[in-house]
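Before any comments, here is the structure.
The values are calculated or read from the model by the stated rules, or taken from the named source; none is laboratory data. No experiment lies behind these values; they were computed from the predicted model shown. Quick reminder, even Gly has a Cβ in these numbers, built from the backbone with ideal geometry, and neighbours come from all protein chains shown.
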Amino acid sequence: MVRLGNFLFHYRNVLFPAVYALLAIESRPLLASYRLAAIVGFLVALTGQLLRALTIGLEYIKRGGLNRQVYAEKLVQGGMFAHCRNPLYLGNIMILLGLGIASNSRLFLSVGVPFFLFAYWAIITAEEHYLRNKFGQDFDDYCARVNRLLPNLSGLGQTLSGMRFNWRRLINKEYGSTYIWLAGIILVTLKNIWLSGDYRHGGPVETGLWVSLALLTLGYAVARFLKKKGLLKDALEPVS
């Protein structure tokens, strides 16, 4: 499992988008109402994004590894990592689940979501193997206190009030992935409206979705411009 986790970690930027493609394939619907699916899916994904935002904004851990290999400079135990050992991956899973629900696709939920659950489990196993070898007893003590995925919300208020939130780092790290999943939900919703025969050119729902996509794209462009100009540079530095 460790070797598989290292493989998936190394090639995730190639393998994962291939599975996302399942969202574009017409499938038997999960719910009778695509509208309900879009709303529920958006709320689930938004919850995952909020978890990622809290994690990155409070105390960030480098998940990109070193040369696409599992790597950690230190054992981060503060911020959301005091309540869940893998809050970023938990957020990812919720976003993926939300996308699957919003797409109203049984295919993605029956194939794509299980793939991602297995992939993240393998990656987490590989990371834990690395961390245990590097940090030894400190990591074992951390595992004894904090769950792998199920968050312990005890003391969360104290965590939130006791740390500085880094908005620049959040924008720097999340503008791309946030754009992708929000645009994805908009596009799969438009697809479902079209396939149902309800699509109306100039209709309020359709217009609202297209305008939202345009504004979202503009926000992405602004964030990318700020990053390229170095205005988010201090966001790259870890919280001390």
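Here are a few things to note about the model shown:
- Meets criteria (of a type outside the set (D, E, K, R), farther than 26 Å from F9 by Cβ, touching a Pro at 6+ places or on another chain (Cβ under 7 Å) and buried (at least 17 other Cβ atoms within 10 Å of the Cβ)) for N192: no
- Residue satisfying condition, being crowded, with 20+ Cβ neighbours inside 10 Å and either within 29 Å of A37 (Cα to Cα) or among the aromatic types (F, W, Y) (or both), within set L117, L107, L150, L97: L97
- Restricting region 119-154 to residues that are among the charged types (D, E, K, R) and free of Cβ contacts under 8 Å to residues at least 60 places away in the same chain, the residue that is nearest to K233 (Cα to Cα): E128
- Residue in region 127-147 that is more than 17 Å from L88 (Cα to Cα) and under 21 Å from the mean Cα position of the chain (by Cα) present: no
- Those residues of region 14-54 which are assigned to a helix (DSSP H, G or I), without any contact (Cβ under 8 Å) to a residue 24 or more places away in the chain and not hydrophobic (A, V, I, L, M, F, W, C), in sequence order: P17, R35
- Applying a threshold of 8 Å to beta carbon distances and a minimum spacing of six or more residues, or different chains, the list of pairs starting in region 93-104 at a residue that is under 10 Å from I185 (Cβ atoms) and ending at one that is in a helix (DSSP H, G or I) and among the polar types (S, T, N, Q) reads I95/Q49; G98/T47; A102/T189; S103/N192.
- Test: residue in region 99-107 that is under 22 Å from W181 (Cβ atoms), at pLDDT 95 or above, within 16 Å of the chain's Cα centre (by Cα) and of a type in the set (V, I, T): yes
- Pair list, Cβ < 7 Å and 6+ apart or interchain, from region 203-216 residues that are under 14 Å from L182 (Cα atoms) to residues that are part of a helix (DSSP H, G or I) and not hydrophobic (A, V, I, L, M, F, W, C): L209/T189; L216/Y179
- Residue within region 2-13 that is surrounded by 14 or more Cβ atoms within 10 Å (Cβ to Cβ) and over 21 Å from P87 (Cα atoms) present: yes
- Residues that are exposed (fewer than 15 other Cβ atoms within 10 Å of the Cβ) and either without any contact (Cβ under 8 Å) to a residue 40 or more places away in the chain or under 16 Å from the mean Cα position of the chain (by Cα) (or both), drawn from region 155-179: G157, Q158, S161, G162, G176, S177
- The residues on offer are I56, I61, and the sole one that is among the β-branched types (V, I, T), at pLDDT below 85 and within 23 Å of G157 (Cβ to Cβ) is I61.
- Residue satisfying all of: in region 1-50; polar (S, T, N, Q), touching a Phe, Trp or Tyr at 6+ places or on another chain (Cβ under 9 Å) and farther than 20 Å from I180 by Cα; modelled with the highest pLDDT among these: S27
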